[in-house]
Amino acid sequence: MLRVLLLGQSGQLANELKLTLPAPIELKVLSYADYCGLSDAQLFKLFLGFSPAWVINAMAYNQVDQAELFPELAMAGNFYLVQRLQKLCASTQSKLLHISTDYVFDGLSKTPYKEQDQTQPLNQYGKSKRAAELWLSQEYADSSVIIRTSWLYSFYGSNFVKTMLKLMQNKTPLKVVQDQISSPSWAYGLACAIWQLILQKNIVNGLYHWADSGSCSRYEFALEIQALALDFGLLSHKAEMEAVSSELFTSTAARPAFSALDSTVLRDKLSLPQVPWQQQLAQALTLFTPVQLDKKDL
């Protein structure tokens, strides 16, 4: 039985990882509050007692605008947390799988970013995530895997898809930015890829990208969400939507205009096909019902 320690309990990816747990894995879950509330000695004892073969870090401080005002919070949640975690993993010789972001790029590329492309974060959130990448690549390269992903969404947690569905359900006229482009990623697909990677015998450590195939603007993403939701009976009406510039919205943090990711390397390694983001979105929306759209937490 392969033992895996999952850090993160209530987020999108953490929920999908629990849902897709393969039979050969014994999973222990530690929430962000539990992790931060334990002393180094207590965590060391926990690691020694469970002795995980793998540790998955699905925790992150992802309040992008807030991070501009309080960069120390982003560094604490995205860098110092990983430093501490890496040292704990080293104590039990556990491999560490860390989730990173497309926000390590500046958005000037015209083609999907590859793993070796130069990074240049535009905001404090991206800088804190890049700092963690650099730490692991320098201090734990032989025992760590970093997976960058973009525009993650799920039935669980907070995300763009659920926000749009709620606004559309409320018959709110929407203004959606058209000058931010990336690759939507269904968290369920990422979770399945993570388990497949962990279960492989010949794992190559390093940096990988994961996103569903293709790219779109936020506006195009919203149009597809609405079209599918109408087809599936999740919405009873068509909401009015207008494509606008991101300059229309007051935002503390700069965001990359283009951050689509090329996930060819990891998909080839796992023998997984390229799946269009529209197809993944359609499959994800089958999990919703009109009743669930009325829930306050959607």
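For the reader, a short list of remarks on this structure follows.
- Evaluation of Phe221 against (1) among the aromatic types (Phe, Trp, Tyr); (2) open to solvent by 60 Å² or more (accessible area, probe 1.4 Å); (3) closer than 18 Å to Pro276 by Cα (one fails), failing number: (2)
- Being under 17 Å from the mean Cα position of the chain (by Cα), free of Cβ contacts under 8 Å to residues at least 60 places away in the same chain and open to solvent by 20 Å² or more (accessible area, probe 1.4 Å) is a property that does not hold for Arg255.
- Residue that is acidic (Asp, Glu) and part of a strand (DSSP E or B), where the choices are Glu242, Glu247, Glu220: Glu242
- Those residues of region 5-29 which are outside any helix (DSSP H, G or I), out of contact with any strand residue (DSSP E or B) (no Cβ under 8 Å at 6 or more places or on another chain) and in contact (Cβ under 8 Å) with a residue 24 or more places away in the chain, in sequence order: Ser10, Gly11, Thr20, Pro22
- The one condition in (1) open to solvent by less than 10 Å² (accessible area, probe 1.4 Å); (2) at pLDDT below 95 that Ser183 fails to fulfil: (2)
- Filtered residues of region 234-252 (kept if farther than 13 Å from Met168 by Cβ and either of a type outside the set (A, V, I, L, M, F, W, C) or free of Cβ contacts under 8 Å to residues at least 12 places away in the same chain (or both)): Glu242, Ser245, Ser246, Glu247, Thr250, Ser251, Thr252
- Residue count for region 107-154 satisfying the condition of being free of Cβ contacts under 8 Å to residues at least 40 places away in the same chain, outside any helix (DSSP H, G or I) and aliphatic (A, V, I, L, M): 0.
- Qualifying residues in region 92-116 (those that are out of contact with any strand residue (DSSP E or B) (no Cβ under 8 Å at 6 or more places or on another chain) and more than 27 Å from Leu73 (Cα to Cα)) - the one most open to solvent (accessible area, probe 1.4 Å): Gln93
- For region 157-180, a tally of residues being open to solvent by less than 70 Å² (accessible area, probe 1.4 Å), in contact with a helix residue (DSSP H, G or I) (Cβ under 8 Å, 6 or more places away or on another chain) and over 16 Å from Gly11 (Cβ atoms) returns 10.
- Counting only residues that are open to solvent by less than 80 Å² (accessible area, probe 1.4 Å), within 19 Å of Val161 (Cα to Cα) and more than 21 Å from the chain's Cα centre (by Cα), region 225-252 holds 14 of them.
- Scanning region 155-210 for residues being under 15 Å from the mean Cα position of the chain (by Cα), in a strand (DSSP E or B) and either of a type in the set (S, T, N, Q) or farther than 23 Å from Ala254 by Cα (or both) gives a total of 5.
The values are calculated or read from the model by the stated rules, or taken from the named source; none is laboratory data. Everything numeric here is computed off the predicted structure, so don't read it as measured data. Ideal geometry is used to build each Cβ from the backbone, glycine not excepted, and the neighbour counts take in all protein chains shown. We work out accessible area using only protein heavy atoms, side chains counted, and drop any ligands, DNA or RNA first. Shrake-Rupley method; radii C 1.70, N 1.55, O 1.52, S 1.80 Å.
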